[in-house]
Ligand SMILES: [Zn+2]
């Protein structure tokens, strides 16, 4: 008779020698999986893995909707989805597949990708002092993740070639680059000058953004949010946690619209808009797939002067651009012109025109 695996033993195995070791999960990833599985244990009291059914996952989905954070706020739909997905992958690893159809999984709305607009960034920098400006311009000028920025040391920056080398620093800081992909990113002359001025103010070979104890400053985002409030760029609609209290962003530096990840997306978007190809952009961001990079790029604001110019330029070209044949013997209708184009296209492809076209 096969040995039955308990849910408890499977979870322990998964988070230690199993999947976690195989994928070399970072601390944060491990914590996310551990939390999701702990919540699953709260909702499902069964002993053995082979007892788990679709009903347990449905019950888990219900429990997730009631989970609150340490400050009493309901967890976001996206987080609910992630916990659910993580538990499903855990069960899949042990051969418990397709317990509930994907149509029954929790759903969340995909947010439109936003990047900060240049005027707001200009204003933000105007209200920042030299140190605060360093943090803002740094993240805007390299597109680093928060952890990457906090672990950069002066010797990682080559100011003469204007590039920054990013790699894991496991031994000293217990930190590693996501997907363990080290990379070198080029920086603008402006950022190089800015960093050089900072180094003159803070000489030495340590971290560029270290705290007084020489450890990575984990609160760089707080610095940015302080400037946001001072510059009046807070949205005024959201709440955040400040000194363990729930406070509005209109009076405290907690506006959720301002995060380092959006500075990263802004950097990526501006790079592509200024002509950098997406493959280079992907490598600079340290992504393993182009699909992830595409999810980072914000579409341009319809009202921006550049987008307006593009809309104007694209419009007339369609009806009276140089490719439009001159009407012969009377006016040719646009529809006829399009039909002809389609016929030519299909003939060129050595394919049969579609019935609707051939009937014309
Ligand atoms: Zn806000």
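Could you look through region 187-210, keep only residues that are part of a loop (DSSP other than H, G, I, E, B) and closer than 15 Å to residue 132 by Cβ, and pick out the one that is nearest to the ligand (Cβ to nearest atom)? Top of the filtered list is 209.
Given the criterion over 24 Å from residue 182 (Cβ atoms) and either modelled with pLDDT of 75 or more or over 27 Å from the mean Cα position of the chain (by Cα) (or both), identify the matching residue among 303, 307, 264. Exactly one of 303, 307, 264 is over 24 Å from residue 182 (Cβ atoms) and either modelled with pLDDT of 75 or more or over 27 Å from the mean Cα position of the chain (by Cα) (or both), namely 307. Within region 1-23, the set of residues being assigned to a loop (DSSP other than H, G, I, E, B) and exposed (fewer than 11 other Cβ atoms within 10 Å of the Cβ) comprises 1, 2, 3, 17. Residue 36 - would you say it is under 21 Å from residue 105 (Cβ atoms), touching a residue at least 40 places away in the same chain (Cβ under 8 Å), surrounded by 12 or more Cβ atoms within 10 Å (Cβ to Cβ) and touching a helix residue (DSSP H, G or I) at 6+ places or on another chain (Cβ under 6 Å)? Yes.
The values are calculated or read from the model by the stated rules, or taken from the named source; none is laboratory data. Computed from a predicted structure; not experimentally measured. A quick note on method: Cβ atoms are made from the backbone with ideal geometry, for glycine too, and the neighbour counts reach across all protein chains shown.
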